[in-house]
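Engineer: One structure coming up, written as structure tokens, with questions to follow.
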Amino acid sequence: MQQIITAKLKLVTTPEQFVALRQTQLAYRDALNAVSHYAFEQGKTSNVTRLHKGMYAQLRTRYHLPSQLACSVERQVAATYKGLWTRLLKNIKHRRAKITKKRFKGLDQPPHYSSPTVQYTFERDYTFQRNQRVSVGTLNGRISLPYQGYHKHTVLIQHHARIGDAKLWYDKPKKTFYLLVSLAVEVAEPTPAHLQEVVGVDVGIRYLAVTSTSTGKATFHPGKRVRQRANHYARLRKRLQQKGTRGAKRCLQRIAQRERRLKMQANHSIANQIIKQHPHAMFGLEHLTDIRERAKRRKRKRKKNGNGYERISAKARKANRVYSQWSFAELQALITYKAMLAGSLAIKVDADYTSKTCPMCGYTAGENRPHKGLLFACQQCHYKLHADLVGARNLTLRTLLVRHDWTRTGCLSITPDTSDKEAKAARLSRYAELRWSPDASLRLEADGY
Ligand SMILES: [Zn+2]
């Protein structure tokens, strides 16, 4: 089985090479925007041949792109439009079905490419050479550069990995160019017998992640300090946005980057910890819906007093505090990816009622979470547990069920198909039969699933 990974290679440049790369990046970006405008005028087309006919000459003469890079620009814009069309059509379908009211606006204007990058195709505009050097295309022909990277990655490049496309990326604060190379790596196909442990991973606001194994071992990943720092950045951003001066905008960009990096690093480190703690495991992640991922905050209407001033109570002020949004989808994607490389497997299971269902007796009700607090207290059997751990355990149970089916049928059903209501209802009724016991795996077998 193949898995695509990205190797980040640092490019060692002379001042002349630095300028050459920078010029290529900027020309490539301007070319993307020019083609994007053209595609928009041509009825928002995603047809690469049409873009080629209309724009190729200009890309060569006006932007001085070598022919391969000119073709890459056309392909990239076509792919962007194709993606946007898919989203637009999905949105129309969802609006008809009354799933959403929001209109998709991604195709109202030509999509704009703001960050300078270059998309290189392997063996056409970049190749690896001996002595750890790489040759990449620029506006004035190829240049050869030494590169540095993780030992693991460089070995893969020099030996057995299948090499794919690469992206030239510029790290502004470090004033350094990187080449992000995608590599196809051979990994072992997982089997249920090979995955000895089952681990449910619940993601959420209070704890970024809580895990539980089928034997009841739990870990909590609070991320409180990172969240505080992220919230600090979010507040700072809000203030700068209100200011709106040019200096503020520049500052805003820097802070947004810093915030992004902070969250990314936190997600990486949590994913690493979870994967390392559980070798050869089958991880159960919850299927996040768009709504949960966004975790909307309701805006409250404020009452005005007689003087026209707003009276904001301490409670309202607290509710209006600026919070940073966390990307749980990214955290899950990292866990999935790292699990695969470590010989484990992560799957998605339905998230419905995982926080409201008692893992001991199966009683499901909102009242099981008094005041939506930290404590889960079953109203039927009076079982009490940390609320986030309940979520993780329910996910563990559902993952056990998936693994059990996998062992029995030899076929793994990975993604819950959200569009199929009947299949989902059938799954939910099976979940309702699940009960937690210190060794849930045995219990599951005994119950005859
Ligand atoms: Zn109960």
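The values are calculated or read from the model by the stated rules, or taken from the named source; none is laboratory data. This is a predicted model, so every value here is computed, not measured. Reconstructed Cβ throughout: ideal geometry from the backbone, glycine too, with neighbour counts over all protein chains shown. Side chains included, ligands, DNA and RNA excluded: accessible areas come from the protein's heavy atoms. Shrake-Rupley method; radii C 1.70, N 1.55, O 1.52, S 1.80 Å.
Engineer: Out of the stretch 136-159, which residues are under 13 Å from VAL181 (Cα atoms) and surrounded by 12 or more Cβ atoms within 10 Å (Cβ to Cβ)?
Structural biologist: VAL136, TYR147, GLN148, GLY149, HIS153, THR154, LEU156, ILE157
Engineer: Would you call HIS268 at pLDDT 85 or above, in the same structural domain as LEU395 (by TED's automatic domain parsing) and surrounded by fewer than 20 Cβ atoms within 10 Å (Cβ to Cβ)? Lay out the reasoning, then the answer.
Structural biologist: Details: at pLDDT 85 or above: yes; in the same structural domain as LEU395 (by TED's automatic domain parsing): no; surrounded by fewer than 20 Cβ atoms within 10 Å (Cβ to Cβ): yes.
Judged against the criteria, HIS268 is not a match.
Engineer: LEU385 versus (1) part of a loop (DSSP other than H, G, I, E, B); (2) of a type outside the set (D, E, K, R); (3) within 16 Å of the ligand (Cβ to nearest atom): which is the lone unmet condition?
Structural biologist: It is condition (1) that LEU385 fails.
Engineer: Return the pair list, or none, for Cβ contacts closer than 9 Å from residues in the stretch 12-26 that are assigned to a helix (DSSP H, G or I) to residues that are among the aromatic types (Phe, Trp, Tyr) and open to solvent by 20 Å² or more (accessible area, probe 1.4 Å), at least 6 apart or on different chains.
Structural biologist: Within 9 Å, the pairs are LEU21/TYR170; ARG22/TYR170; GLN25/TRP169; GLN25/TYR170.
Engineer: What number of residues in the stretch 355-384 are touching a residue at least 24 places away in the same chain (Cβ under 8 Å) and either acidic (Asp, Glu) or on the phi < 0 side of the Ramachandran plot (or both)?
Structural biologist: Residues meeting the conditions: 9.
Engineer: Looking only at the stretch 58-105, count how many residues are part of a helix (DSSP H, G or I), open to solvent by 30 Å² or more (accessible area, probe 1.4 Å) and over 18 Å from ALA34 (Cβ atoms).
Structural biologist: So the count comes out to 13.
Engineer: Looking only at the stretch 355-377, decide whether some residue is under 17 Å from SER212 (Cα atoms), hydroxyl-bearing (Ser, Thr, Tyr) and within 15 Å of the ligand (Cβ to nearest atom).
Structural biologist: yes
Engineer: Oh, and also: Report whether or not GLN23 is touching a helix residue (DSSP H, G or I) at 6+ places or on another chain (Cβ under 7 Å), in the same structural domain as TYR178 (by TED's automatic domain parsing) and open to solvent by 30 Å² or more (accessible area, probe 1.4 Å).
Structural biologist: When the stated conditions are applied, GLN23 does not pass them.
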